[in-house]
Amino acid sequence: MILNLQHIYKDYQQEKLVVPVLKDVSLQVEEGEYVAIMGPSGSGKTTLMNIIGCLDRPTSGEYQLAGEDILKFKDKEMSDVRLRSIGFVFQSFHLMPRSSAMDNVALPLSYAGVKKRERRERATRALERVGLGDRISFKPTQLSGGQKQRVAIARAMVNNPKLLLADEPTGALDSKSGKQIMELFSDLNKEGVTIVMITHDKSIASHAKRVVSIIDGEITEERGEEGDHE
């Protein structure tokens, strides 16, 4: 099992009020799965994503990622886990506007201390993998929205992470580009990449093999392609 969340609670303090956001969330994801976490705005799905992505800590509960007890780690160790084990894809791409596609993709490798020549080779392979081998030297301003998201996916994959975490990955794209990104995710999953995708869109969630619904901070699990419900 790659992802194991048990009895996760997350509260926020607003002046004297304690606001519960996640309530007793338990979620397991096996290696090689493709899971969509779906919920409306305010359901707690972004908070859950931030905890899965080691960007935030729960108020209480347990979290193992690839067998490691994440919540025992200090902040520096958690950032190492993020760099080593998780690839992030965001709605708004988060690319450096003045840098080429190659340099954007190579960025996590430079943080990881990989030598320049190997960085370039690995970034090139990652861009070829997402169908942008002919756009290596292009800057984000020269790319379409769908191409920018492909660069972001290449960057997320360049470290060979254990988990690809995508937050509304088609939210800023037109429907054609969004469909192409979903096809790319399916291809990556067929290659063995574990994907957890956050979305509010039922049609996007339907591309995953399992859909987990979150409403008011609580999970209601649904099975995927077979259509049977737990």
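What tally of residues in segment 34-85 results from selecting those that are of a type in the set (S, T, N, Q) and at positive phi? Here the count works out to 0. Residue count for segment 103-139 satisfying the condition of being small (Gly, Ala, Ser) and outside any helix (DSSP H, G or I): 5. One residue is enough: does segment 153-165 have a residue meeting the conditions in contact with a Phe, Trp or Tyr (Cβ under 8 Å, 6 or more places away or on another chain), modelled with pLDDT of 90 or more and over 22 Å from GLU30 (Cβ atoms)? No.
Only one of the listed residues (SER144, SER99, SER92) is at pLDDT 95 or above and surrounded by fewer than 22 Cβ atoms within 10 Å (Cβ to Cβ). That residue is SER99.
Of all residue pairs spaced 6 or more apart or on separate chains, those with beta-carbon atoms under 7 Å, a first member in segment 117-144 that is under 17 Å from ALA156 (Cα atoms) and a second member that is β-branched (Val, Ile, Thr) and assigned to a loop (DSSP other than H, G, I, E, B) are ARG122/VAL158; ALA123/VAL158; THR124/ILE136; ALA126/VAL158; LEU127/ILE136. Picking from residues in segment 4-20 that are modelled with pLDDT of 95 or more and either of a type in the set (Phe, Trp, Tyr) or closer than 21 Å to GLN64 by Cβ (or both), the one that is surrounded by the most Cβ atoms within 10 Å (Cβ to Cβ) is ILE8. Among the conditions (1) assigned to a helix (DSSP H, G or I); (2) at pLDDT 90 or above; (3) surrounded by fewer than 16 Cβ atoms within 10 Å (Cβ to Cβ), ARG84 misses just one, which is (2).
Look at (1) in contact (Cβ under 8 Å) with a residue 12 or more places away in the chain; (2) more than 25 Å from PRO169 (Cβ to Cβ); (3) surrounded by fewer than 16 Cβ atoms within 10 Å (Cβ to Cβ); (4) not hydrophobic (A, V, I, L, M, F, W, C) and you find that GLY61 fails only one, number (3).
Residue-level check: of (1) surrounded by fewer than 19 Cβ atoms within 10 Å (Cβ to Cβ); (2) within 25 Å of ALA106 (Cα to Cα); (3) in contact with a Lys or Arg (Cβ under 7 Å, 6 or more places away or on another chain), CYS54 misses just (1). Inside segment 172-219, residues that are outside any loop (DSSP other than H, G, I, E, B), in contact (Cβ under 8 Å) with a residue 60 or more places away in the chain and among the polar types (S, T, N, Q) make up a count of 4. With respect to ASP174, is the statement that it is under 25 Å from MET96 (Cα atoms), of a type in the set (Asp, Glu), more than 14 Å from the chain's Cα centre (by Cα) and open to solvent by 10 Å² or more (accessible area, probe 1.4 Å) true? Yes: the conditions hold for ASP174.
The values are calculated or read from the model by the stated rules, or taken from the named source; none is laboratory data. As the structure is a prediction and not an experimental result, all values here were calculated from the model. Positions of Cβ are backbone-derived with ideal geometry, glycine not excepted, and every protein chain shown enters the neighbour counts. What goes into the accessible areas is simple: the full protein's heavy atoms, side chains included, and nothing from ligands, DNA or RNA. Shrake-Rupley method; radii C 1.70, N 1.55, O 1.52, S 1.80 Å.
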